[in-house]
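Student: Just passing along the structure, written as structure tokens.
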């Protein structure tokens, strides 16, 4: 079957997408991506809080191991550094062992705060200063 030349040329011209159609599709995709990014923005803060919790659990487990080996926790002055390098101050540990290669930083780039004895007078406290990096009531991991 032969098509007349006019009809053949018209079909050929209508076969592709116009610039307007392509720009419309790109616009719709960009709106969808932008709204997805906006919706996921709050999840970053939640992830940081969860990381603080898991870091504190990992450090606490190593502190309990330190206590089992040395019959006491590191003092506040010795700090969490006692898990990485042998303390030079009293009370010196009897059977010190390196329990961590390096101390993790909180998600905002600050060191975790360690206190022994803790705020309640017993046990120990570990927490992050949070995004502001200052001691306040909104610090992460405080009980």
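The values are calculated or read from the model by the stated rules, or taken from the named source; none is laboratory data. Because the structure is predicted, anything quoted here is derived from the model rather than measured. Cβ coordinates were reconstructed from backbone atoms using ideal geometry, including for glycine residues, and neighbour counts include every protein chain displayed.
Student: Hey, among the residues in region 101-123 that are over 12 Å from residue 55 (Cα atoms) and in contact with a helix residue (DSSP H, G or I) (Cβ under 8 Å, 6 or more places away or on another chain), which one's modelled with the highest pLDDT?
Tutor: 114
Student: If you go through region 70-90 one residue at a time, how many are part of a loop (DSSP other than H, G, I, E, B), surrounded by 14 or more Cβ atoms within 10 Å (Cβ to Cβ) and in contact with a helix residue (DSSP H, G or I) (Cβ under 9 Å, 6 or more places away or on another chain)? Explain how you work it out, then say what you get.
Tutor: Pass one, region 70-90, residues part of a loop (DSSP other than H, G, I, E, B): 71-79, 84-90.
Adding the requirement that they be surrounded by 14 or more Cβ atoms within 10 Å (Cβ to Cβ) leaves 73-76, 78-79, 84, 87.
Narrowing the set further to residues that are in contact with a helix residue (DSSP H, G or I) (Cβ under 9 Å, 6 or more places away or on another chain) leaves 73-75, 87.
Counting residues in region 70-90 that are part of a loop (DSSP other than H, G, I, E, B), surrounded by 14 or more Cβ atoms within 10 Å (Cβ to Cβ) and in contact with a helix residue (DSSP H, G or I) (Cβ under 9 Å, 6 or more places away or on another chain) gives 4.
Student: Evaluate the following for residue 95: is it over 30 Å from residue 135 (Cβ atoms) and either in a loop (DSSP other than H, G, I, E, B) or in contact with a strand residue (DSSP E or B) (Cβ under 7 Å, 6 or more places away or on another chain) (or both)? First the steps, then the outcome.
Tutor: Numbers: over 30 Å from residue 135 (Cβ atoms): yes; either in a loop (DSSP other than H, G, I, E, B) or in contact with a strand residue (DSSP E or B) (Cβ under 7 Å, 6 or more places away or on another chain) (or both): yes.
Judged against the criteria, residue 95 is a match.
Student: Sticking with this structure for a sec: Among the residues of region 22-29, is any closer than 22 Å to residue 111 by Cβ and without any contact (Cβ under 8 Å) to a residue 60 or more places away in the chain?
Tutor: To start, the set of residues in region 22-29 that are closer than 22 Å to residue 111 by Cβ comprises none.
Within region 22-29, not a single residue is closer than 22 Å to residue 111 by Cβ and without any contact (Cβ under 8 Å) to a residue 60 or more places away in the chain.
Student: Here is a follow-up. Could you list, in sequence order, all residues of region 102-140 that are exposed (fewer than 14 other Cβ atoms within 10 Å of the Cβ), out of contact with any strand residue (DSSP E or B) (no Cβ under 7 Å at 6 or more places or on another chain) and more than 27 Å from residue 44 (Cα to Cα)?
Tutor: Of everything in region 102-140, those that are exposed (fewer than 14 other Cβ atoms within 10 Å of the Cβ), out of contact with any strand residue (DSSP E or B) (no Cβ under 7 Å at 6 or more places or on another chain) and more than 27 Å from residue 44 (Cα to Cα) turn out to be 117, 120, 121, 122, 123.
Student: I've got another one for you. As an exercise: evaluate residue 58 against (1) outside any helix (DSSP H, G or I); (2) at negative phi and give the number of the one condition it does not meet.
Tutor: Tallying (1) outside any helix (DSSP H, G or I); (2) at negative phi, residue 58 fails exactly one: (1).
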